[in-house]
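Enquirer: Here it is, the structure in full.
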Amino acid sequence: MTELKNDRFLRALLRQPVDVTPVWMMRQAGRYLPEYRASRSRAGDFMALCSNPELACEVTLQPLERYPLDAAILFSDILTIPDAMGLGLYFEPGEGPRFKKPVQTAAAIEALDVVDPYKDLGYVVDAVSTIRRELNGRVPLIGFSGSPWTLMTYMVEGGSSKDFRRAKAMLYDQPEVAGMLLDKLADSVIAYLNAQIKAGAQAVQIFDSWGGALAHDAYLKFSLAPMKKIIAGLIKEHEGRQVPIILFTKGGGQWLEPMADSGATALGLDWTTPIANAKARVGGKVALQGNMDPSVLYASPDRIRAEVARILSEFGRGNGHVFNLGHGITPEVDPEHAGAFIRAVHEFSAQYHAQP
Ligand code: CP3
């Protein structure tokens, strides 16, 4: 295997010393980039892009050609798992993801099979190995999956939802049925992420985008518990290196302590928790990733630089920080502003890592 030329992302996740704070952006390959829009229109649509390993590799590398990012993330989607389970994923232009066959009954959930990634998601496994080969050691590659609860919301609602009415009704009305679905999803995610790791993913992130919508007890039982099962089932070391696990619950600032005891290597933070507060609460156990409000990227480069400097000074000296946005970059952002953000992280963070 090729030697990694830039491993500061992996080192920061393990809370080891680095020269500057590493940075990447959730959704870094996406519609804000004109070259992404061109690739997507050549492919035909978004799923055609995901299901073709060469094209998925092409768009994964696009943001790295533009910016000095410290990690690449597999180009795919969290909804590939329910699609592989037979729900029939499609994208309605302007409407977001939809399923032809949502699962809303005990019988429908009983009929679901745990996915075999090599059989049902071979295109993702192939994309990972293609990207690893093309990266040639430039930066580490992140694999990812949705959390069971987040996947369940799309599967039960049949698409995006504002209030998660049907999915939450299932948690409260039929907790055993919900539990069966969450368990099948956890087993699918374990197999899927382990296949990504074996194909070359050097860190993995679990996107729990909708955990923050749950009540306290419901979060612990229906979102965190299945994620803990996943973490326990993942390959911890590959190619002689630890494979860090990043747990990102959007809106999860009130659960940092139980999340830090989940076995995760690092916690993703959205922008609502001050990073100094998060560091004081869990910094001895896990690294932190985040946490600039993605909307700051709508402001001028000067304001963006000032906000980066502020977050870095709030984290202060010490290891275990990966800079990121608190959620994905949005399609309306000017690519020049994303560049100003990334360069500012490297420029302003060196002072916090220099030997005193
Ligand atoms: O971060 C990356 O660059 C990797 C690629 C990635 C995508 N989706 C590509 C994508 C990742 C990590 C995801 C995860 C994902 N997908 C999540 C969890 C992260 C989060 O944002 O909370 C969720 C909830 C989804 C489900 C999903 N996929 C939605 C709601 C949408 C439509 C929203 C939109 O922006 O239109 C998608 C489509 C999607 N996934 C796009 C991309 C680049 C846009 C598709 C397009 O129009 O080209």
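The values are calculated or read from the model by the stated rules, or taken from the named source; none is laboratory data. Since we're looking at a predicted model, the values are computed, not measured. FYI the Cβ positions are ideal-geometry reconstructions off the backbone, even for glycines, and counts take in every protein chain you see. Ligands, DNA and RNA are stripped out before the accessible areas are found, and what is left, the full protein with its side chains, is counted by its heavy atoms. Shrake-Rupley method; radii C 1.70, N 1.55, O 1.52, S 1.80 Å.
Enquirer: Kindly list, by first and then second residue, each pair from a residue in the stretch 96-111 that is modelled with pLDDT of 95 or more to a residue that is part of a helix (DSSP H, G or I) and away from the ligand (no atom under 16 Å from the Cβ), limited to pairs with Cβ atoms under 6 Å and residues at least 6 apart or on different chains.
Expert: Val103/Ile109; Ala106/Val177; Ile109/Val177; Ile109/Met180; Ile109/Leu181
Enquirer: Sticking with this structure for a sec: Every residue in the stretch 103-124 that is within 16 Å of Met180 (Cβ to Cβ) and either of a type outside the set (A, V, I, L, M, F, W, C) or in a loop (DSSP other than H, G, I, E, B) (or both), please.
Expert: To start, the set of residues in the stretch 103-124 that are within 16 Å of Met180 (Cβ to Cβ) comprises 103-115.
If the condition is that a residue be within 16 Å of Met180 (Cβ to Cβ) and either of a type outside the set (A, V, I, L, M, F, W, C) or in a loop (DSSP other than H, G, I, E, B) (or both), then Val103, Gln104, Thr105, Glu110, Ala111, Leu112, Asp113, Val114, Val115 are the ones that fit.
Enquirer: Being open to solvent by 20 Å² or more (accessible area, probe 1.4 Å), small (Gly, Ala, Ser) and not in a helix (DSSP H, G or I) is the filter here; which residues of the stretch 125-168 pass it? Spell out how you get there, then give the answer.
Expert: As a first pass, look at the stretch 125-168 and keep what is open to solvent by 20 Å² or more (accessible area, probe 1.4 Å): 126, 129, 132-134, 136, 138, 154, 157, 160-163, 165-166, 168.
Keeping just the survivors that are small (Gly, Ala, Ser) gives 129, 160-161.
Once the filter is applied, which keeps residues that are open to solvent by 20 Å² or more (accessible area, probe 1.4 Å), small (Gly, Ala, Ser) and not in a helix (DSSP H, G or I), the stretch 125-168 yields Ser160, Ser161.
Enquirer: Name the pairs: first residue in the stretch 52-65 and farther than 8 Å from Ile131 by Cβ and of a type in the set (Gly, Ala, Ser), second residue more than 10 Å from the ligand (Cβ to nearest atom) and open to solvent by 20 Å² or more (accessible area, probe 1.4 Å), Cβ to Cβ under 7 Å, at least 6 apart or on different chains?
Expert: none
Enquirer: Which of the residues spanning the stretch 180-213 are surrounded by fewer than 24 Cβ atoms within 10 Å (Cβ to Cβ), within 15 Å of the ligand (Cβ to nearest atom) and part of a loop (DSSP other than H, G, I, E, B)?
Expert: Ser209, Trp210
Enquirer: Related question: For residues that are touching a strand residue (DSSP E or B) at 6+ places or on another chain (Cβ under 8 Å) and over 21 Å from Ser209 (Cα atoms), scanning just the stretch 64-87, find the one that is surrounded by the most Cβ atoms within 10 Å (Cβ to Cβ).
Expert: The selected residue is Asp70.
Enquirer: Out of the residues in the stretch 314-346 meeting the condition of being exposed (fewer than 14 other Cβ atoms within 10 Å of the Cβ) and more than 16 Å from the ligand (Cβ to nearest atom), tell me which one is nearest to Asn277 (Cα to Cα). Before you say what the answer is, go through the steps one by one.
Expert: Taking the stretch 314-346 as the starting set, the residues that turn out to be exposed (fewer than 14 other Cβ atoms within 10 Å of the Cβ) are 316-318, 331-332, 334, 336.
Checking the rest, the ones that are also more than 16 Å from the ligand (Cβ to nearest atom) come to 316-318, 334, 336.
Working: Gly316: 12, Arg317: 14, Gly318: 14, Asp334: 31, Glu336: 31 Å.
Within the stretch 314-346, the match that is nearest to Asn277 (Cα to Cα) is Gly316.
Enquirer: As an exercise: evaluate Asp70 against (1) in contact with a Pro (Cβ under 9 Å, 6 or more places away or on another chain); (2) assigned to a helix (DSSP H, G or I); (3) among the acidic types (Asp, Glu) and give the number of the one condition it does not meet.
Expert: (2)
Enquirer: Here is a further query. When you scan the stretch 11-26, do you find a residue that is more than 13 Å from the ligand (Cβ to nearest atom), within 15 Å of Asn324 (Cβ to Cβ) and in a helix (DSSP H, G or I), even just one?
Expert: There is at least one residue in the stretch 11-26 that is more than 13 Å from the ligand (Cβ to nearest atom), within 15 Å of Asn324 (Cβ to Cβ) and in a helix (DSSP H, G or I).
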